[in-house]
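**Student:** One structure, as structure tokens, below. Some questions next.
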Amino acid sequence: MPAAARVTRGVRRRLDLHRHRGDAVACPVCGGRFDAFKDDWNRPRALCWGCGAHERHRLQWLLFERRPELLAGARDLLHFAPEWCLRRRLDAVGGLRYVTGDLEPELPGDLRLDVTALELPDAAFDGIICSHVLEHVPQDTQAMRELRRVLRPDGWLLALVPIDATRTATYEDASIVTPEARLAAFWQHDHVRLYAPDFADRLRAAGFTVEVLRPTDLADDDEIARFGLSDADWLHLCRPASPVG
Ligand SMILES: [Zn+2]
């Protein structure tokens, strides 16, 4: 981005922050408090004015607040396709080796990682965050087995995908390949399937026990409104079910 555009964007952001100061909503990720969250292109009141967090990022950070043992007990954490707002917080956690990776890395420190063939040793991580990745991966079962392999026996995987709660079974059709057809069938031009709540069964089949956490499991009604959480976001907190092999 050209320098002038960057400055303009920075000024606009500060003006927006000032204009929307308030106490009606609060972002768990950055601690910002506002009159309302910012509209996204496809839904109202979705984004934090301060850090850009979406509903699902605020829910993930709330989980770490409500279950402090997850981060307190972790020495090595792997985060796929990390969003800026969460990356900034996790990078600052003391005593944690925070490893980030993506199929197409964004920043110099990110590892180039194919989630279906991780060039990482067995049992290397206490925690893994894999949010909105698997719906892009044709071999998602292979990816889940790889995540299981690099996780320590007492570690955890936090997995999120878009879920169509009205379906009973995940919808896949390998003949749907064009961006237009994928958008119509799977909600986004580069998604390769549309998961149903049976996403948890796939994780179990790959060797995890799964705890499904929805906003109501972590927050009361007032908090759900204040933190701007969405019932569409389901956290899958997974742990290795049995020793590998
Ligand atoms: Zn924020």
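Every number here is computed from the coordinates shown, using simple stated rules; none is lab data. A quick note: this is a predicted structure, and the numbers were derived from the prediction, not measured. Note that we place each Cβ from the backbone using ideal geometry, even for glycine, and neighbour counts take in every protein chain shown.
**Student:** Fully extended, how many nm does the chain gain between ARG13 and GLN139 (0.36 nm per residue separation, minus their Cα-Cα distance)? Mind dumping the intermediate values first?
**Tutor:** Working: separation 126, 0.36 × 126 = 45.36 nm, distance 3.97 nm.
This chain segment gains 41.4 nm when fully extended.
**Student:** Can I ask one more? Counting other C-beta atoms within 10 Å, and keeping those with at most 15, which DSSP coil chymotrypsin sites (Phe, Trp or Tyr not before Pro) do you find in region 1-56?
**Tutor:** Working: sites: PHE34, PHE37, TRP41, TRP49; in loops: PHE37, TRP41, TRP49.
Answer in residue order: TRP41.
**Student:** Further question: Summing -39500 (n - 2.57) over the DSSP H runs of n ≥ 4 in the chain and dividing by its residue number, what mean residue ellipticity at 222 nm do you reach, to the nearest 500 deg cm²/dmol?
**Tutor:** Numbers: 9 runs with 77 residues, N = 245.
That calculation yields -8500 deg cm²/dmol at 222 nm.
**Student:** While we're looking at this one, here's another question. So for TRP187, TRP234, fewest C-beta neighbours within 10 Å to most, what's the order?
**Tutor:** Numbers: TRP187 13, TRP234 23.
Result, fewest neighbours first: TRP187, TRP234.
**Student:** Starting from the Kirkwood Rh over alpha-carbon pairs, what translational D in µm² s⁻¹ does the chain have by Stokes-Einstein at 37 °C and 0.692 mPa s?
**Tutor:** Working: Rh = 19.2 Å.
Calculated translational D: 171 µm²/s.
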